[in-house]
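S.K.: Before anything else, here's the structure in question.
The values are calculated or read from the model by the stated rules, or taken from the named source; none is laboratory data. This is a predicted model, so every value here is computed, not measured. We place every Cβ from the backbone using ideal geometry, glycine too, and count neighbours over all the protein chains shown. With ligands, DNA and RNA removed, areas are computed over all heavy atoms of the protein, side chains included. Shrake-Rupley method; radii C 1.70, N 1.55, O 1.52, S 1.80 Å.
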Amino acid sequence: MKHATPAFAALCAVLVAATPSLAASRPPAHIDSYGTKAPYTPEQNPASYSKAPAGFVPVFTENVSRHGSRAATDSEDGDLVLALWDKASTEGQLTRKGEEFGPKVRALLAAMAKVGYGNLSGRGREEMRDTADRMAARVPSLFAGIAAKGEKIDVVSSGQGRAIDSANEYAGELAAKDPALKPLIGATRTDKDLLYFHKAAGGKAYQDYLANDQRLASTLKSITDQPKTHQAAESVLRKIFKRPFVDGLPAEDRVAAAEAVYNLYAIAPAMIKESPGGRGWGLDRYISRTDAAWFGYLGDAEDFYEKGPGFSDSDITYKMANVLLDDFFKQVKAKQSGTSALGAELRFTHAEEIIPLAALMGLPESTKPATPGVSYTYKNNPWRGADVSPLGANIQWDVYQKGTRYLVRMLYNEKEIPFKAACKPVARNSAFYDFTELERCFGRG
């Protein structure tokens, strides 16, 4: 098998040089208002990645990635607000700004229907390809070695359409940039137990928690049913409808309608490639940053309690992610023992898997649960959906070898991060950890 082409190596160098313009700094603070629908941005300049200790060479890489940006999973939000809009239009109850709202929503719904509800958008496909390019650029000698030795690249998804498409875009990009890899990349396979565990057999206790836990239900109700929610709902609707129309709606209908407007606002950036001229949908004109931030917080609170650190006296939301963390260790162990023919393991999944895995692993901003009786807020907890699991979120391990010693470096949304505090790196402030140390501190030895 031939080595990776000189052109591919040159491309990797170009990508490393070009990436600072992509993500030298964190997005603006208001990105939090999008919650887990925030578009993906790599969080570190690749030029600043740490060099491996002397003599260590990359021999394996593995990831788990959330699917890329997508269309809304259905038309429910658009249908709800358009029904109100049509009624208000008939009654002459639209504001001047509101008159433009209906056509914009109809155009967005048409674009999402064309993409397919729940399917990857053009932006999502691009996110996957770009992340694949940066992986290859980060460890070019690894992919050259994969091609030279004829090692395999395993690709696995949850089996859901957007995860399959994300996997195929990602793997297809690697093959397109280095054709020598193409015959080594396996067809995308499905493993629901591994990558859709929240709805698989291993998630039965979790499913019962979502459906029947009264503390969860009452906590979320108390967070949502605050005066600020009703104030924000009225503020949103008054941008579109005249006061008499808004006043005529029951309070619960106002909140539902405002949430629908917010949900359309939040998904719009994921659909930017399908917007007229690629310039965006302009839905931010119909919700202030303050109101978007409040509804974003409500969405984060739901994700925090249903998928994230949750309550401090329970691990029900993230214990089931052990199956995925086990697989990370299993793949490195197989490489270490010489029983693996893989050079890379690529996994594609959903927020319902990334968020609990982040909590289980103690990743930054995912470690602090809520004390029972003290509700999660932005002031008392750093957890933010836009940071923990934006669209395209990923966790990657690069494995390096020198003799019989194996080191692991972890990246979270392409930023080098330390493992949890119980794990000791090879040197102070190093990004590299002995694999045996990781087995010890995670109890996987």
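S.K.: Per DSSP H run of at least 4 residues, take -39500 (n - 2.57); add these up for the chain, divide by its residues and hand me the 222 nm value, nearest 500 deg cm²/dmol.
M.R.: Calculated at 222 nm, the ellipticity per residue is -14500 deg cm²/dmol.
S.K.: Sticking with this structure for a sec: Multiplying the sequence separation of ASP86 and ALA176 by 0.36 nm and subtracting their Cα-Cα distance, what value in nm do you get?
M.R.: That pair, ASP86 and ALA176, stretches by 27.6 nm at full extension.
S.K.: Which far-off residues, 5 or more places away or on another chain, put their amide H under 5 Å from the one on SER288, with H placed in the peptide plane?
M.R.: Counting only residues 5 or more places away or on other chains, the set is empty.
S.K.: Net charge within 15 Å of ALA257 by Cβ-Cβ distance, Lys/Arg positive one each and Asp/Glu negative one each, not counting ALA257 itself?
M.R.: Once positives and negatives cancel, what remains is -4.
S.K.: Still on this structure: ASP253 label point, 7 Å along Cα→Cβ, cut-off 19 Å on backbone N: hits in the range 205-240?
M.R.: 230-240
S.K.: How many angstrom lie between the Cα centre of the range 271-302 and the Cα centre of the range 171-247?
M.R.: Each part reduced to its Cα centre gives a spacing of 16 Å.
S.K.: According to the square roots a ≥ b ≥ c of the eigenvalues of the Cα gyration tensor, what is the shape class of the range 229-270, taking rounded for a/c under 1.5, prolate for a/b larger than b/c otherwise, and oblate for the remainder?
M.R.: Prolate is the answer for the range 229-270, as a/c is 1.5 or above and a/b outweighs b/c.
S.K.: How many angstrom lie between the C-alpha centres of the range 100-142 and the range 407-443?
M.R.: One Cα centre to the other: 32 Å.
S.K.: Separate question: For the chain, with all protein chains present and a 1.4 Å probe, just round the carbon and sulfur fraction of the accessible area to a whole percent.
M.R.: That fraction is 52 percent.
S.K.: Which residue, PRO39, PRO369, PRO227, tops the fluctuation ranking in a GNM of the chain built on C-alpha contacts under 10 Å?
M.R.: It is PRO227.
S.K.: Further, regarding this structure: For ALA88, what is the net charge nearby, where nearby means another residue's Cβ is under 11 Å from its Cβ and Lys, Arg count +1, Asp, Glu -1?
M.R.: -1
S.K.: Give the accessible surface of the chain per residue, rounded to a whole number of Å², with probe radius 1.4 Å and ligands, DNA and RNA excluded.
M.R.: Using a 1.4 Å probe on heavy atoms only, each residue of the chain averages 41 Å².
S.K.: Okay, moving on. Short version: ³J(HN,Hα) in whole Hz for each residue of the range 166-183, in order, from phi by Karplus 6.51 cos²θ - 1.76 cosθ + 1.60 (θ = phi - 60°), x for Gly and Pro, what are they?
M.R.: Result, rounded to whole Hz: 4, 4, 5, 5, 5, 5, x, 5, 4, 5, 5, 7, 9, x, 5, 7, 3, x.
S.K.: For a paramagnetic label modelled at 7 Å from the Cα of LYS333 toward its Cβ, which residues of the range 59-98 fall within the zone defined by backbone nitrogen distances under 14 Å?
M.R.: none
S.K.: The range 350-445: percent of C-alpha pairs farther apart than 22 Å?
M.R.: The proportion of pairs with Cα distances above 22 Å equals 36 percent.
S.K.: In degrees from 0 to 90, rounded to the nearest 10, what is the angle of the helix 98-115 Cα long axis to the longest principal axis of the chain?
M.R.: 40 degrees
S.K.: State the Cα centre-to-centre distance between the range 40-96 and the range 316-389 in whole Å.
M.R.: Each part's Cα centre sits 19 Å from the other's.
S.K.: Between GLU439 and ARG96, what's the calculated FRET efficiency when r is the beta-carbon distance and R0 is 56 Å? Round to 0.05.
M.R.: That gives a FRET efficiency of 0.30.
S.K.: Suppose we take every Cα in the range 394-436 and form the convex hull; what volume per residue is that in Å³?
M.R.: Cα convex hull per residue, to the nearest whole number: 68 Å³.
S.K.: Let me ask something additional. For VAL59, what residues show an amide H to amide H distance below 5 Å, using hydrogens built from the backbone and excluding near sequence neighbours?
M.R.: VAL399, TYR400, GLN401
S.K.: Check THR349: other-chain or 5+ apart residues with amide H under 5 Å from its amide H, H built from backbone geometry?
M.R.: SER65, ARG66, HIS67
S.K.: Taking R0 as 45 Å, what's the FRET efficiency between ALA427 and LYS273 from their Cβ-Cβ distance, rounded to 0.05?
M.R.: Calculated transfer efficiency: 0.55.
S.K.: Tell me whether the chain comes out rounded, prolate or oblate; compute the Cα gyration tensor, take square roots of the eigenvalues as a ≥ b ≥ c, and use a/c under 1.5 as the rounded threshold.
M.R.: Prolate, since a/c reaches 1.5 and a/b exceeds b/c.
S.K.: Then there's this: For ILE395, ILE31, write out the residues from largest to smallest accessible area, computed with a 1.4 angstrom probe and no ligands counted.
M.R.: Of ILE395, ILE31, the descending order of accessible area is ILE31, ILE395.
S.K.: If I fit a long axis through the Cα atoms of helix 122-138 and take the longest principal axis of the Cα atoms of the chain, what angle between them do I get, 0 to 90°, rounded to 10?
M.R.: Compared with the principal axis, the helix lies near 30 degrees.
S.K.: Can you give the Kirkwood hydrodynamic radius for the range 279-330, in Å, rounded to one decimal and based on Cα pairs?
M.R.: Final number for the Kirkwood radius of the range 279-330 is 13.9 Å.
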